[in-house]
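Trainee: Before anything else, here's the structure in question.
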Amino acid sequence: MIEIYKLHKSFGTKKVLDGINLQISKGETIVIIGRSGSGKSVLIKHIVGLLNPDDGFVKVENQRVDELNEKEIYNLRRKFGFLFQGSALFDSMTVEENVSLPLVESSNGYSKSQVQEIVAEKLGLVGLPDIQKLKPSELSGGMKKRVALARALVTSPEYILYDEPTTGLDPIMSDSIDNLIKELGNKLNVTSVVVTHDMYSVKNVADKVAMVHEGKIYFVGKPQELLNSSDPVIIDFIKRTGV
């Protein structure tokens, strides 16, 4: 389980997180929503120790992330996969080289054939078999997202963090990525944290949704509870997303 307790973070005079409280249960898919600049991405960076809080803490499996030493934080991060907003594939590398990068860098002693087998398995999971030798420039936007997701899965993580997974995709491809997130969560029993402003993704993938507003968790509940809310702040946010 991930526990976030009274988390505060400021950058200079700008307060971004102002006492965030949130619990994420093992195996669930939680979607974190909020306006641009509300602190969604800052929040997930605290979960993996890329940022340290000014006050409060994040616990992952009862370990305070900000109290871990360098070796411990490295071991913690190996439990996480991360899908970057822009996919973050290396253009000079093939798909196989991109997907295998976390395995190669982890120095786990895999042979070349073992790495190739794992890469093929993860590409198959995201519906892209037999594209190992292609370069990112030969892929569509949706395919790049899937390759990036295969890379996030390649170490068999217990947690996956998704940063705006449908940004820049057309509605059909966005639905495809949403379905894949849900399918992988069910099939692999991973804990998924999806950061988005896309209310269609909320409806498609969330077991639970949390809304960040003015540095705090303004709402936590089921997607339908959010969509049926009479709260003016929530209604205004939903209207702005076009749902």
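Trainee: Provide the percentage of antiparallel DSSP beta bridges, counting only those with both residues in the chain; round to the nearest 5.
Mentor: Expressed as a percentage, antiparallel bridges in the chain total about 55.
Trainee: Within a Cβ distance under 13 Å of Gly168, other residues only, what is the Lys/Arg minus Asp/Glu net charge?
Mentor: -2
Trainee: Right, here's the next one. So if I take the centroid of the Cα atoms in the stretch 13-54 and the same for the stretch 82-138, what is the distance between those two points in Å?
Mentor: 28 Å
Trainee: Label the stretch 154-204 by shape, choosing from rounded, prolate and oblate, from the square roots a ≥ b ≥ c of the eigenvalues of the Cα gyration tensor; if a/c is under 1.5 it is rounded, and otherwise prolate applies when a/b is larger than b/c, oblate when it is not.
Mentor: Here the stretch 154-204 falls in the prolate category.
Trainee: Which trypsin sites (Lys or Arg not before Pro) from the stretch 100-142 combine a DSSP loop assignment with at most 14 other Cβ atoms within 10 Å?
Mentor: Those satisfying the criteria are Lys133.
Trainee: Let me ask something else about it. Per the Cauchy relation, a quarter of the hull surface: what is the mean projected area of the convex hull of the alpha carbons in the stretch 89-156, in nm²?
Mentor: Averaging across all directions leaves 4.0 nm² for the Cα convex hull.
Trainee: From the square roots a ≥ b ≥ c of the eigenvalues of the alpha-carbon gyration tensor of the stretch 47-122, which class results: rounded (a/c under 1.5), prolate (a/b over b/c), or oblate?
Mentor: In terms of gyration-tensor shape, prolate.
Trainee: With runs of 4+ DSSP H residues as the only contributors, calculate the mean residue ellipticity of the chain at 222 nm using -39,500 (n - 2.57) per run, divided by the residue total and rounded to the nearest 500.
Mentor: So the helix-based figure for the chain works out to -11500 deg cm²/dmol.
Trainee: Once the piece of chain linking Leu101 and Phe57 is laid out straight, how much longer is it, given 0.36 nm per residue of separation minus the C-alpha distance between them?
Mentor: 12.8 nm
Trainee: Per the Kirkwood treatment, what hydrodynamic radius in Å, one decimal, follows for the stretch 116-237 from the mean inverse distance over all distinct Cα pairs?
Mentor: One over the average 1/r among Cα pairs gives 15.7 Å for the stretch 116-237.
Trainee: Give me Ser201, Ser140 sorted ascending by neighbouring Cβ count inside 10 Å, so fewest comes first.
Mentor: With the sparsest Cβ surroundings first, the list reads Ser140, Ser201.
Trainee: Okay, next question. Straight-line reach from Lys203: which aspartates and glutamates have a Cα under 13 Å away, not including same-chain ones fewer than 8 places off?
Mentor: Straight-distance partners of Lys203: Asp175, Asp178, Glu225.
Trainee: Separate question: When the chain is modelled as a GNM with alpha-carbon springs shorter than 10 Å, which of Phe11, Phe80, Phe219 fluctuates the most?
Mentor: Phe11
Trainee: Aspartates and glutamates near Lys14 by alpha-carbon distance under 20 Å, same-chain residues fewer than 8 away left out - which ones?
Mentor: Within the straight-line cut-off, Lys14 pairs with Asp54, Asp55, Glu214.
Trainee: Tell me, in nm to one decimal, what length is gained between Lys15 and Glu117 on full extension, where the rule is 0.36 nm per residue of separation less the Cα-Cα distance?
Mentor: 32.1 nm
Trainee: Could I ask something else about it? Please identify the trypsin sites (Lys or Arg not before Pro) of the stretch 1-58 that satisfy two criteria: DSSP loop assignment and at most 15 other Cβ atoms within 10 Å. Which are they?
Mentor: Those that pass, being in a loop and sparsely packed, are Lys26.
Trainee: Then there is this: Given the pairs Lys71/Lys144; Lys182/Lys222; Lys40/Lys222; Lys59/Lys144; Lys79/Lys112, which are separated by over 27 angstrom at their Cα positions?
Mentor: In this structure, Lys71/Lys144; Lys59/Lys144 lie more than 27 Å apart at Cα.
Values in this text are rule-based calculations from the coordinates and carry no lab data. Source: prediction; values computed, not measured. Cβ: placed from backbone, ideal geometry, glycine included. Neighbour counts: every protein chain shown.
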